[in-house]
1. Would you mind ranking 235, 91 by Cβ crowding within 10 Å, fewest neighbours first?
2. Run the numbers for residue 59 and residue 133: contour at 0.36 nm per residue of separation, minus the present Cα-Cα distance, in nm.
3. Please find, in a Gaussian network model of the chain (springs between Cα atoms separated by less than 10 Å), the residue of 361, 53, 234 whose mean-square fluctuation is greatest.
4. Can you give the FRET efficiency for residue 79 and residue 155, using 1/(1 + (r/R0)^6), R0 = 35 Å, r = Cβ-Cβ distance, to the nearest 0.05?
5. Could you tell me what a quarter of the Cα convex hull surface of the chain works out to, in nm² with one decimal place?
6. Does region 1-109 classify as rounded, prolate or oblate by the C-alpha gyration tensor (a ≥ b ≥ c root eigenvalues; a/c under 1.5 gives rounded; else a/b over b/c gives prolate, otherwise oblate)?
7. Compute the Cα gyration tensor for region 317-359, then decide on rounded, prolate or oblate, letting a ≥ b ≥ c be the square roots of its eigenvalues: rounded whenever a/c is under 1.5, prolate when a/b is larger than b/c in the other cases, and oblate in all that remain.
8. Provide the FRET efficiency to the nearest 0.05 for the residue 173-residue 19 pair, computing r from the beta carbons and using R0 = 22 Å.
């Protein structure tokens, strides 16, 4: 893995906006093509293998959590457990997820799994691919995300009700809107009838106990870029269990177990010593005494409220609104460093298979919402 400094394309802002990528510059530069990361084919194979293996052991971990009713570890309310178990027992399929890796000494180490509402999808799939076509068509890119998304939506046709597939995201978030509309475009390419509405436009018809859209049509299939832990903590979310249509939710609610960092100690317990996992526990003092570690809230997003400890000293820490739900402790594995740049590899699973990577780069050891997206290639 190497980092190369290059000259950005002329009028690159216009180029990315023409393909629908309009949040390339937020408070600071987000899309950064002044550099790229180069991998060898063997390194790509290593990341692909790790991704496929971790997906399988994650599925086994979901079954373990359900069999042993470990929901309290995840702070999941009792009333929602039947929905999770029904979605799992009915094999409700998941479309995508993103493993976040520290790639150190040639080995991908799992830091966390974004399993419910992962973003950076559009830039991983489309934007960096267009960059490669302009920069170096002779090289390749670990990226079959778009093809796999379209193919998996085709596969999902048999699971969906014979109704339109709704897509929903929060208002006033261009990144979430772009991700959702990109997913919707993939579904359209797969031949599905779709409709978009914002989360706050989802209605509840109490007389018939069904969800409806802003034209009062029933919602029977819906992709929502909105975390389950937010949804079930709102009064409106309780309607999910009252829904007479038994709406098909994508992602399915069993993905709550994988998107929660409580899954990390369970993965370690079930797969102790696996080379792609980091030693993780629910309590620091019992098992990590003498170790350097990362403390992470169960539901933290975008790098919030994370603390990195080394030799008894905090070496990096972020603020935020998480932590009341509890923490897990993970043996410290710092991101590799390239001239004060720290890359995190986001490795995508689409339709049960490894599909490609995107890289977020930070000036610090913790990747947060200000981290840049940097393209990659391999040769």
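Read the figures in this text as sums done on the coordinates, not as results from a lab. Since this is a predicted model, take the numbers as computed values, not measurements. Don't worry about glycine lacking a Cβ; one is built from the backbone with ideal geometry, like all the others, and counts go over all protein chains shown.
1. So the ranking, lowest neighbour count to highest, is 235, 91.
2. Working: separation 74, 0.36 × 74 = 26.64 nm, distance 3.60 nm.
Contour length minus the Cα-Cα distance gives 23.0 nm.
3. 234
4. Details: r = 32 Å, r/R0 = 0.91.
Efficiency for this residue pair is about 0.65.
5. For the chain, averaging the hull's shadow over all directions gives 18.6 nm².
6. It is prolate, given that a/c is not under 1.5 and a/b is the larger ratio.
7. Values: a/c = 2.31, a/b = 1.25, b/c = 1.86.
Oblate, since a/c reaches 1.5 and b/c is not below a/b.
8. So the FRET efficiency works out to roughly 0.70.
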